[in-house]
1. Could you rank the peptides 184-190, 230-236 by their average count of other C-beta atoms within 10 Å per residue, with the highest value first?
2. How much length is gained on full extension from S107 to L40, taking 0.36 nm per residue of separation minus their Cα-Cα distance?
3. Please give the Cα centre distance for segment 201-242 versus segment 120-153, rounded to the nearest Å.
4. Considering only DSSP beta bridges with both partners in segment 130-225, what is the antiparallel share in %, to the nearest 5?
5. Assuming 0.36 nm per residue, please report the length gained on full extension of the stretch T230 to A31 beyond their Cα-Cα distance.
6. So what J values fall out for segment 167-184 if you push phi through Karplus, 6.51 cos²θ - 1.76 cosθ + 1.60 with θ = phi - 60°, rounded to Hz, Gly and Pro as x?
Amino acid sequence: MNFLRRLVLGVGLVALCARPVTVSAQTTNAAPDFKEVYELIRAHLAGANPADLDRGAISGLLNQLHNKVSLVDGPTGVELDLQGSALTKSNLFEGGIAYLRVGRVVSALPGQVGTALKELTAKAGNGTNRLRGVVLDLRFAGGHDYAAAAGVADLFIGKETGLLDFGTGMVSSKAKTEGINLPVTVLVNQQTSAAAEALAAVLRLADRAVILGTNTAGEATMDQIYPLKTGQSLRIATASVRLANGDLLTTAGVSPDIAVAVSAEDEKAYYADPFRDLNKTAGILAAFGGAPAPTNGVAGRPARVRPSEADLIRDRKNHPGREVDYSALTPQAGEVEKPVVRDPVLARALDLLKVISMLPAAKPA
């Protein structure tokens, strides 16, 4: 059992959710013959234009096979490797937790992740303020550079071990003494795709991360590019990406260790501003045991802060045998309340890392 997953299961104060269950609709009707349908429409639809029909047919086909086939620009379909599109955000949260947000998994990403963590380590300092964990946010991240995914995973792995096979043989990490020896949480959602999915799966398999969020897109595949007469190309999934243990990354996607479901609309709002109060946060957070609830609406009075798992661990450690008094955690009148992370997935990850950092056995293998 993976190191961080074992810790999560062993800490009774961390409320785990069951893995999400995917229910797919079944149909008993066989699909009609494509050519037959196309010819009937072409022959009888009033004002039918062959170009419009072709465009509609192609659009429908690509939409139906969106996780296996895509239309890309250029004769080679090579993804633009924009330096600024790899790591889009990095900052330090209270408690010495580094936050890294990935835009696209491209060749620049390993270098940018390494540089950002060095800068955040220096910012955190030493002693009690040292860096204690890393949140790697892969929500809405994509990209098809699997070598870059392996390169990022290699930063967090100190030993030589297999990582990923994406058509060139198994790529392995390198043995090192200066790897990033910190607990890691990875955030994913249904728009975490391709190489970003592979990165999450590799870190979990290597005993280096707990995954939080929802099932990923299921688009991690080895692709072939086929040029078209228009100058564009079709990217077609020809094989699955394989993990070091032999498992294939399939269209089912990567499932989280801790499922935290958020509506698509709310998730985008929290992604833009994790401190934003959507006026319905209390219900969501209560369901997942997450971060503090929003203000109570009374002018001049701060909200009662709901203790996190980390707060509970710390209080009981400082006062063994005594019933914990949560009123001490509530800001008093006139005090300035610290900003509260209201993004349920991020808040969960931060709490988990704070708990792990306080446990004596919380050291990555």
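Quick note: the coordinates plus some simple rules give every number you see, no bench work behind them. The shown structure was predicted, so the numbers you read here are calculated from the model rather than taken from an experiment. Ideal geometry is used to build each Cβ from the backbone, glycine not excepted, and the neighbour counts take in all protein chains shown.
1. Values: 184-190: 25.7, 230-236: 14.3.
Top to bottom by mean Cβ count within 10 Å: 184-190, 230-236.
2. On the way: separation 67, 0.36 × 67 = 24.12 nm, distance 4.80 nm.
Computed gain between S107 and L40 is 19.3 nm.
3. 21 Å
4. On the way: 3 of 11 bridges.
In segment 130-225, approximately 25 percent of DSSP beta bridges are antiparallel ones.
5. Values: separation 199, 0.36 × 199 = 71.64 nm, distance 2.97 nm.
Residue separation times 0.36 nm, minus the Cα-Cα distance, leaves 68.7 nm.
6. x, 10, x, 5, 8, 10, 7, 9, 5, 8, 9, 10, x, 7, 8, 10, x, 10
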